[in-house]
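The values are calculated or read from the model by the stated rules, or taken from the named source; none is laboratory data. Here the structure is a predicted model, which is why all the values come from computation and not from measurement. Here the Cβ is made from the backbone with ideal geometry for all residues, glycine too, and neighbour counts use every protein chain on show.
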Amino acid sequence: MIPVALTRPFARRLLPLVLVAGSLFAIVVPVAHHLDARSRLVLSAREHGQRVARILAEAVRDRPLLWRYDAAKLAGRLQLEGLLGAPLVVRDRDNRAVPLGGPTASPVAWAQVPVVVEGVPVATVWAGAPLTPLWHESLRLFGGCLLLALVLGTSLFLFPVRTVALAEERIAALLAERRVALQDEERRRIARELHDGAGQALTAARLQLLALRKGGLAAEDAARVEHHLDEALEEVRRSTSALLPAPLAALGLLGALRKHVASFSRATGVDISLEAPEQLPELPAPMAAGLYRIVQEALHNTVRHAGAGRASVRVSQLAGSLSLEFDDDGRGFPDQASSQSIRERVAGLGGAVDWPDPGRSHLRVRIPLTGGVA
């Protein structure tokens, strides 16, 4: 089966997004709640401080110089008003603390309220709100959001990855089916070549041998029979080479291409040139076979359909890839089976086809030297 690498790359790209989204959800919601609740606590502390400031302003007006020495009396009044239940600090204009009592807590959100009498600030009230309950509430909310983020993040990660995995399996199955279909099509093409080439030559030779059996053939007729048999043998050799590119194992890709181009040119009369470097890096067997088949398919089109008299094959190594260019002076690729076969072979090698005009026999194939190979 042709490997299709979709799931792992998709999972690698999706995982950071899910982690970032889950982290933002687990952090932003508790932080936003904490800041909002803290601002409400400060507002509440400010209202508390304003009530204390009004009482202190009355005491200052009654005893402008001695009010701070009536701390016990002020504390009692504040106690009656229910204003000593939260952290409270009072300082006079000289920044001296006025001992009014009241609970202390840490941490505390403070609100500052000035005590103003007849337009003159005489003291400052610091009213506070304990933050410990808010921190506990925020931590509980963070734990809940973190758990929910884990559940949602896992779902958001697993469902798309599973969907892509199923799609990958389906695509791989379809490619495998298409590969089998391509092999069947290649077998049918070779069968047609054997039927049209070797079959006709053997039929002609058989007819002439029958005539020879009756004594009606001259020596030149025997030579003609021998010629037909040679044609049939050559056609069988070429078809067998198409089925099993044995030269690849013995000569490598460049050697096999040189041999095939030379023999194909002699057999068909088409002037075929091959431009290639002195050597190529060692290629995987499927890649070498695929490139060899692509050249065979292009040359087959040149002879059977394009009606070309000249053709050229250029092999070059680029940065991280192998380039294969083909050109001839024929009518292009009218045979859709040939062009589709080349596209599918290139796709199986993980490459790309640059085919500017399918009506012309000019194409460029680029195959990466690393990656999945059918």
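Assorted remarks:
- Hits in the stretch 276-310 - residues which are over 21 Å from Pro368 (Cβ atoms) and not hydrophobic (A, V, I, L, M, F, W, C): Glu278, Gln296, His300, Asn301, Thr302, Arg304, His305, Gly307, Gly309, Arg310
- Scan of the stretch 161-178 for residues that are touching a residue at least 12 places away in the same chain (Cβ under 8 Å) and not small (Gly, Ala, Ser), ordered by number: Val161, Val164, Glu168, Ile171, Leu175, Arg178
- Contact map, the stretch 312-327: residues that are farther than 16 Å from Gly350 by Cα paired with residues that are among the hydroxyl-bearing types (Ser, Thr, Tyr) and not in a loop (DSSP other than H, G, I, E, B), Cβ distance under 7 Å, separation 6+ or inter-chain. Pairs shown: Ser312/Ser273; Ser316/Ser323; Asp327/Ser312.
- A search for C-beta distances below 7 Å between a residue of the stretch 15-41 that is under 11 Å from Ser138 (Cα atoms) and any residue that is in a helix (DSSP H, G or I) and of a type in the set (S, T, N, Q), counting only pairs 6+ apart in sequence or on different chains, returns Pro30/Ser138; His33/Ser138; His34/Ser138.
- The residues of the stretch 9-25 that are exposed (fewer than 13 other Cβ atoms within 10 Å of the Cβ) and under 9 Å from the mean Cα position of the chain (by Cα), listed by number, are Pro9, Arg12, Arg13.
- Restricting attention to the stretch 62-76, the residues that are surrounded by fewer than 18 Cβ atoms within 10 Å (Cβ to Cβ), out of contact with any strand residue (DSSP E or B) (no Cβ under 6 Å at 6 or more places or on another chain) and part of a helix (DSSP H, G or I) total 6.
- Among residues of the stretch 117-131 that are touching a residue at least 60 places away in the same chain (Cβ under 8 Å) and more than 11 Å from Pro87 (Cβ to Cβ), those with a beta-carbon under 9 Å from a residue that is acidic (Asp, Glu) and crowded, with 16+ Cβ neighbours inside 10 Å at least six positions away or on a different chain give the pairs Val122/Asp92; Ala123/Asp92.
- Note on the stretch 132-165: residues that are more than 33 Å from the chain's Cα centre (by Cα) and aliphatic (A, V, I, L, M) total 3.
- Set Pro103, Pro99, Pro114: member being of a type outside the set (Lys, Arg), over 29 Å from Gly144 (Cα atoms), in contact with a Ser or Thr (Cβ under 6 Å, 6 or more places away or on another chain) and assigned by TED's automatic domain parsing to the domain that holds Gly144: Pro114
- The lone criterion from (1) at pLDDT 85 or above; (2) crowded, with 18+ Cβ neighbours inside 10 Å left unmet by Val270 is number (1).
- Scanning the stretch 84-114 for residues that are in contact (Cβ under 8 Å) with a residue 60 or more places away in the chain and under 15 Å from Ala129 (Cα atoms), we see that the one that is surrounded by the fewest Cβ atoms within 10 Å (Cβ to Cβ) is Gln112.
- Residues satisfying the stated conditions in the stretch 89-115, i.e. outside any loop (DSSP other than H, G, I, E, B) and within 60 Å of the chain's Cα centre (by Cα): Val108, Ala109, Trp110, Ala111, Gln112, Val113
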